[in-house]
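Novice: Mind looking over this structure? Questions follow.
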Amino acid sequence: TWPRSHQREAAALRESLNRHRYLNSFSHENSTACYGLNQFSYLSPEEFKAMYLGSKPTWSPRYPAAGQTPIPNVS
Amino acid sequence: LPLRFDWRDKHVVNQVRNQRMCGGCWAFSVVSAIETACAIQGKPLNYLSVQQVIDCSFNNYGCSGGSPLSALSWLNETQVKLVEDSEYPFKAENGLCRYFPQSQSGVSIKDFSAYDFSGQEDEMAKALLNFGPLVVIVDAVSWQDYLGGVIQHHCSSGEANHAVLITGFDKTGNTPYWIVRNSWGTSWGIEGYAHVKMGGNVCGIADSVSVVFV
């Protein structure tokens with residue numbers, strides 16, 4: 001049997017290929033995004049998110065529509 | 001608004017960097033914005049230290065994550081001078097904060113602004129033109145598989161999880177899009193960039209938009 005890490009990567013790769021098929025199924029407009037194999041394809045979505053998506057959501061005040069006086073800067 | 005604008009055309013945007021396996025996108029986006037803000041003022045376009053922000057921004061979590069707004073608040077309140085990357089190079093892991101004497105050259109920020117531009121992406125484009133690149137946070141779960149083209153589906157404005165820098169926009173084609181500089185190296189996407197549809201707050205790109213003043 002392969003070492004566990006190879007098994008895990010193979011499973012992640014299979015999951016990626018399935019995901020690409022789904023994501024590309026919407027690509028009827030020629031300019032729309034295309035999805036496929038890249039350096040992150042051997043990661044599961046959970047691993048990818050844990051390693052590369054490190055920003056926390058933050059609230060920001062609504063930008064005053066044209067004509068209103070902007071509220072003071074957040075800082 | 002012009003149909004197309006990109007700060008890269010003014011040669012004030014550094015090459016795309018690679019955060020490697022460090023969740024420091026929040027620091028890369030802020031430092032890149034400061035580098036470009038300096039260059040727009042005619043100062044040299046130097047690489048500034050991302051590692052310094054990762055190690056020293058006590059209100060963030062280093063390679064385990066953070067927020068651009070917290071980093072900007074920290075820079076604004078402490079007036080810490082960002083040193084050049086060559087002085088404090090990136091090592092893709094958390095380290096002890098290194099302090100420098102007051103005489104050390106570096107860049108401190110004057111202020112920053114942050115707003116929710118959802119539903120007002122033309123105003124957002126004006127801010128880009130007037131103030132420089134925009135630090136934004138997006139929901140980038142589907143960017144794992146992105147190869148190119150304009151992202152317009154499967155990118156909910158759900159929970160934001162990734163910080164990037166908008167350097168321009170292009171409204172010349174059928175689908176207007178933001179030009180978004182990432183920090184996953186040049187082999188990802190379109191030489192390190194992604195195109196995200198303008199309008200409709202795709203990926204939540206307009207929810208939290210910051211500009212920095214130096």
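Novice: About its Cα centre, how strong a charge dipole does the range B:42-162 have in debye, to the nearest 20, once Lys and Arg get +1 and Asp and Glu get -1 at the Cβ?
Specialist: The calculated dipole for the range B:42-162 is roughly 440 debye.
Novice: Okay, helix-only estimate at 222 nm for chain B: each DSSP H run of n ≥ 4 adds -39500 (n - 2.57), divide by all residues, round to 500 deg cm²/dmol; what do you get?
Specialist: Computed mean residue ellipticity for chain B: -6500 deg cm²/dmol.
Novice: Identify unpaired cysteines across chain B, taking unpaired to mean no other cysteine Cβ lies under 4.7 Å from the residue's Cβ.
Specialist: B:Cys25, B:Cys38
Novice: What Kirkwood hydrodynamic radius, in Å, does the protein assembly as shown give when the mean of 1/r is taken over all pairs of distinct Cα atoms and then inverted?
Specialist: That comes to 19.3 Å for the protein assembly as shown.
Novice: Return the inverse of the average 1/r over all pairs of distinct C-alpha atoms in the range B:90-214, which is the Kirkwood hydrodynamic radius, in Å to one decimal.
Specialist: Value: 15.8 Å, from the Cα pair sum.
Novice: Could you please report the charge total around B:Asp85, scoring K, R as +1 and D, E as -1 over all other residues with beta-carbon less than 12 angstrom from its beta-carbon?
Specialist: After counting each charged neighbour, the total is -1.
Novice: While we're looking at this one, here's another question. Please go through the range B:107-214 and write out the GluC sites (Glu not before Pro) that DSSP classes as loop and that have at most 14 other C-beta atoms within 10 Å.
Specialist: Those satisfying the criteria are B:Glu159, B:Glu191.
Novice: Mind checking the range B:82-173 for trypsin sites (Lys or Arg not before Pro) that DSSP puts in a loop (not H, G, I, E or B) and that have at most 15 other Cβ atoms within 10 Å?
Specialist: B:Lys91, B:Arg98, B:Lys110
Novice: Take the Cα radius of gyration of the range B:37-164 and divide it by 2.2 N^0.38 Å, with N its residue count; two decimals is plenty.
Specialist: My calculation over the Cα atoms of the range B:37-164 gives 1.19.
Novice: Sticking with this structure for a sec: Please enumerate, by chain and number, the lysines with C-alpha under 21 Å from the C-alpha of A:Lys49, excluding those fewer than 8 residues away in the same chain.
Specialist: Correct list for A:Lys49: B:Lys91.
Novice: Translational diffusion coefficient of the range B:158-214 at 10 °C, 1.306 mPa s, Stokes-Einstein with Kirkwood Rh over Cα pairs, in µm²/s as a whole number.
Specialist: The calculation lands on 129 µm²/s.
Novice: Over the Cα atoms of the range B:91-161, what is the Rg over Rh ratio if Rh follows Kirkwood?
Specialist: Ratio of gyration radius to Kirkwood radius for the range B:91-161: 1.08.
Novice: Follow-up. Compute the Rg/Rh shape ratio of chain B: radius of gyration over Kirkwood radius, all on alpha-carbon atoms.
Specialist: Radius of gyration over Kirkwood radius for chain B works out to 0.95.
Novice: Which one, B:Val13, B:Val141, B:Val50, has the greatest fluctuation when you compute a Gaussian network model over chain B with C-alpha springs under 10 angstrom?
Specialist: Checking each option, the largest mean-square fluctuation is seen for B:Val141.
Only the coordinates and a few stated rules stand behind these numbers; no lab work does. Everything numeric here is computed off the predicted structure, so don't read it as measured data. FYI the Cβ positions are ideal-geometry reconstructions off the backbone, even for glycines, and counts take in every protein chain you see.
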